[in-house]
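Below is one structure, written out as structure tokens; comments come after it.
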Amino acid sequence: MRTEEIVVDEREDSNAATADAHEASARLNKPLAPVRLGDLEVRTPVVLSPMAGVTNWPFRVICEEYGPDGLYVAEMVTARALVEKNPKALRLCRFAPTEKIRSLQLYGVNPAIMEQAARFLVDNDMVDHLDLNFGCPVPKVTRRGGGSALPWKTDLFSEVIERVVRACAPANVPVTAKIRVGIDHDHETFIEAAHIAQEEGCAAVTLHARTTAEYYGGHSDWSRIGELVETLDIPVFGNGDIWGAEDAIAMVNETGCAGVAVGRGCQGRPWIFANIKNAFAGSDARVNPTLGEVGQIILRHAQLLTEFYDGDETMAVHDLRKHVAWYLKGFPVGGSTRRAFMECESLEDVREQVDALDPNVEYPERVADKPRGRVRFAKKVHLPYGWLDSRTTTHEERERLFGDDPMDASY
């Protein structure tokens, strides 16, 4: 498929002026009400954002044990993979018995396949809530017209939501949508897209307050979340740069959003949900674990991942590696310790490395509530060829988009 690219310059924080505003009071201006999504009630409106390769059920369980009665969303699953009963996709659809709300994110560009996938999930009683991914900025998704590229095509966007909502309605499974501000600031779509989502039956919208072109760089523009709150009747969850409890408080106070969605801010620090829970309740209590306590979290994470991989310890500890890098960020453990964790091949290996940590080292203040994960700007936005020529799809575009897509069925 031919593609076109939007080229953007790498630049410094585009919203640096707003950063100081996030040093707001650590108290809510007014108490947050529970958010209703159909028959579901999210008692404390805090969302664990779905992240590919991160938010499988072991990590969700750890976050939920720390956090409030929020919404902990499983990582994105492609619709075609579900329809084709791909084993990896089915693994990602598993939920732990302790999870209160079985929440899953679905991705796809073909409305018919999205509807089939939603029906499969509903007919087999696999979910309580379904989120639709219209926010992913990565090239392998946007070059297929998916993720944050899709809202530009209003006909396709509307049809995807309408079909999924219709498939979920008989089981009273609420549908929500995750969107971005737009492809870039010359091609903003968030207001129109959110209204379409509302009209087609979505129970809520989450806005990541960046464009596709901004990727994860700079600081998200929270004012856009406020704009959306003012214009919608359904709840709006704000997303982008929630690195600590004070950020969550500031976002709610500044924008009036119904709740917050936490993505990269919880990588390696699932206790952020405890801190947000406390902050929303008006408490100053914060969790800042010692290295020994973090080590026990690492070990528990490894044990849960072993269950996730049906007893395969090697797969589990390999999956754990990225998490270990996040868990140990800022601690003075040295390169040899980090390498030793990366070389683990079994639970016993992980246990040995955890036991070797100094349990009394305090959590490093210099990384507490600080950004982590990807922060760069995208250099290019990859889109299907001619994507920006029209706000609706042609027959030829649909044929190209809906053809065989090995990536779509891979997970």
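In percent, how large is the relative contact order of the range 248-365, given Cα pairs closer than 8 Å and 6 or more residues apart?
On the way: 122 pairs, mean separation 35.4, N = 118.
The value is 30 percent.
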Out of every Cα-Cα pair in the range 79-190, what percent are more than 21 Å apart? 35 percent
Among Val333, Leu320, Ser283, flag the residue with its Cα farthest along the positive direction of the charge dipole of the range 264-345, charges on Cβ as +1 for Lys/Arg and -1 for Asp/Glu. Ser283
With a cut-off of 8 Å between alpha carbons and a minimum separation of six or more residues, what is the relative contact order of the chain in percent? 22 percent
Electrostatic dipole magnitude of the range 77-199 [Cβ: Lys, Arg +1; Asp, Glu -1; Cα centre; debye, to 20]: 660 debye
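Under unit Cβ charges (Lys, Arg +1; Asp, Glu -1), what dipole magnitude, rounded to 20 debye, does the chain have relative to its Cα centre?
On the way: 46 positive and 63 negative charges, 66 e Å.
It works out to roughly 320 debye.
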Ranking Thr394, Tyr309, Leu228 by how far each Cα lies towards the positive end of the charge dipole of the chain (+1 on Lys and Arg Cβ, -1 on Asp and Glu Cβ), the top one is Tyr309
For the range 81-153, build the charge dipole from Cβ charges (+1 Lys, Arg; -1 Asp, Glu) around the Cα centre, then report which of His129, Leu104, Trp152 sits farthest towards its positive end. Trp152
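Taking a quarter of the surface of the Cα convex hull of the chain, what do you get in nm²? Please report the intermediate quantities before stating the final value.
Details: hull surface 75.7 nm².
For the chain, the mean projected area of the Cα convex hull comes to 18.9 nm².
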Output the relative contact order of the range 105-233, whole-number percent, from Cα pairs under 8 angstrom with separation of 6+ residues. 24 percent
Need one number for the range 172-281: average projected area of the convex hull over its C-alpha atoms, nm². 7.4 nm²
Ranked by how many other beta carbons lie within 10 Å on average, peptides 211-220, 154-163 from highest: 211-220, 154-163
Along its three principal axes, how long is the range 307-377 when you only count alpha carbons? Whole Å, largest extent first please. 36, 35, 20
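When DSSP assigns beta bridges and you keep just the ones with both residues in the range 142-287, what percent turn out antiparallel, to the nearest 5?
Details: 1 of 13 bridges.
For the range 142-287, the DSSP antiparallel bridge percentage is about 10.
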Rounded to the nearest Å, what's the spacing between the alpha carbon centres of the range 296-357 and the range 212-241? Just the number, please. 35 Å
Among the listed pairs Lys153/Lys178; Lys140/Lys329; Lys88/Lys153; Lys140/Lys277; Lys178/Lys322, which are separated by more than 27 Å between their Cα atoms? Lys140/Lys329; Lys88/Lys153; Lys140/Lys277
What value, in deg cm²/dmol to 500, does the helix sum -39500 (n - 2.57) over DSSP H runs of n ≥ 4 give at 222 nm once divided by the residues of the chain? -11000 deg cm²/dmol
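Mind ranking Phe341, Phe95 by accessible surface for me, highest first, 1.4 Å probe? Write out the running numbers ahead of the final one.
Values: Phe341 5, Phe95 40 Å².
Reading off the accessible areas and sorting them downward yields Phe95, Phe341.
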Please report, largest first and rounded to whole Å, the three semi-axes of the ellipsoid equivalent to the range 237-348, where each semi-axis is the square root of five times an eigenvalue of the C-alpha gyration tensor. 31, 15, 12
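The values are calculated or read from the model by the stated rules, or taken from the named source; none is laboratory data. Worth saying up front: this structure is predicted, and the values here are computed from it rather than measured. Cβ atoms come from the backbone with ideal geometry, glycine included; neighbour counts cover every protein chain shown. For the accessible areas, the whole protein counts, side chains as well, though only heavy atoms, and no ligand, DNA or RNA atoms are used. Shrake-Rupley method; radii C 1.70, N 1.55, O 1.52, S 1.80 Å.
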